[in-house]
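Student: I have a structure here, written as structure tokens, and I will follow up with some questions on it.
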Amino acid sequence: MIRFEISSEAIDLEKLRAGLVDETCGAFVTFEGWVRNHNDGRAVLRLAYEVYEPLAVKEGLKILQEAMEKFDIAQVHAVHRQGELAMSEPAVVVGVASAHRDAAFKACRYVIDEVKSRLPIWKKEYYADGDTEWVNCQHSVHAPEDASTDLKTSGNKKS
């Protein structure tokens, strides 16, 4: 079973985990991407994600289906936040259940890597010095309208 969501609310980690419980599985692997207080040598206060939700959900489901086909897993779920997030909040969570750990680890890594590179999600960082900047948007064809003046085009860092 696969499930991909975009959420404006805090991610319920226990609900996600409970949705993956499967008595045919002996392994559960999860990845949580958190908001950190720095990037590229700058102090970060918070960030915001803008998402083109219809395409993000469609492509997210496609990624999860690919993981089901590539790896011997029973279930995979992923949730990505949109809107403003505070320090240490989960921004993205991927959970995978499988009979064995190797497949679960590989599938989880595949999903987060593909989500970070393929989904139309844009991240804006708010810095301690009062500045803001859109970051890690170079993989997307279209960035939000106000990103054109301050879109960061160097580096390959991923949150």
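Student: Please go through the stretch 8-48 and pick out each residue that is of a type in the set (S, T, N, Q), loosely packed, with under 15 Cβ neighbours inside 10 Å and under 26 Å from Glu59 (Cα atoms). Break it down stepwise before answering.
Tutor: Initial filter on the stretch 8-48 (of a type in the set (S, T, N, Q)): 8, 24, 30, 37, 39.
So of that shortlist, the ones also loosely packed, with under 15 Cβ neighbours inside 10 Å come out as 8, 24, 37.
Answer for the stretch 8-48, where residues must be of a type in the set (S, T, N, Q), loosely packed, with under 15 Cβ neighbours inside 10 Å and under 26 Å from Glu59 (Cα atoms): just Ser8.
Student: Quick test for you: out of Ser117, Ser88, pick the one residue that is surrounded by fewer than 18 Cβ atoms within 10 Å (Cβ to Cβ), in contact with a His (Cβ under 6 Å, 6 or more places away or on another chain) and of a type in the set (S, T, N, Q).
Tutor: Unique residue meeting the criteria: Ser117.
Student: Mind checking whether some residue in the stretch 52-63 is surrounded by fewer than 16 Cβ atoms within 10 Å (Cβ to Cβ) and part of a strand (DSSP E or B)?
Tutor: no
Student: When you go through His77, His100 one by one, which is the residue that is farther than 16 Å from Val135 by Cα, touching a residue at least 24 places away in the same chain (Cβ under 8 Å), in contact with a Leu (Cβ under 8 Å, 6 or more places away or on another chain) and not hydrophobic (A, V, I, L, M, F, W, C)?
Tutor: Values: His100 fails: in contact with a Leu (Cβ under 8 Å, 6 or more places away or on another chain).
After applying the criteria, what remains is His77.
Student: Moving on to the next point. Filtering the stretch 92-141 down to residues that are of a type in the set (Asp, Glu) and not in a strand (DSSP E or B), which residue is farthest from Asp40 (Cα to Cα)? Lay out the reasoning, then the answer.
Tutor: Here is the first cut: in the stretch 92-141, the residues of a type in the set (Asp, Glu) are 102, 113-114, 125, 129, 131, 133.
Now narrow it down to the ones that are not in a strand (DSSP E or B): 102, 113-114, 129, 131.
Numbers: Asp102: 33, Asp113: 20, Glu114: 22, Asp129: 14, Asp131: 14 Å.
Checked the stretch 92-141; the qualifying residue farthest from Asp40 (Cα to Cα) is Asp102.
Student: From the list Leu45, Leu61, pick out the single residue that is farther than 11 Å from Ala107 by Cβ, within 18 Å of the chain's Cα centre (by Cα) and hydrophobic (A, V, I, L, M, F, W, C). Outline the logic, then answer.
Tutor: On the way: Leu45 fails: within 18 Å of the chain's Cα centre (by Cα).
Result of the check over Leu45, Leu61: Leu61.
Student: Can you pull out every residue in the stretch 80-91 that is touching a residue at least 60 places away in the same chain (Cβ under 8 Å), in a loop (DSSP other than H, G, I, E, B) and not acidic (Asp, Glu)?
Tutor: In the first step, residues of the stretch 80-91 are kept if they are touching a residue at least 60 places away in the same chain (Cβ under 8 Å); the result is 80-83, 89-91.
Remaining after also requiring in a loop (DSSP other than H, G, I, E, B): 82, 89.
Within the stretch 80-91, Gln82 is the sole residue that qualifies.
Each value in this text was obtained by applying a stated rule to the coordinates, not by laboratory testing. Values in this document were obtained by computation on a predicted structure and should not be read as measured data. Note that we place each Cβ from the backbone using ideal geometry, even for glycine, and neighbour counts take in every protein chain shown.
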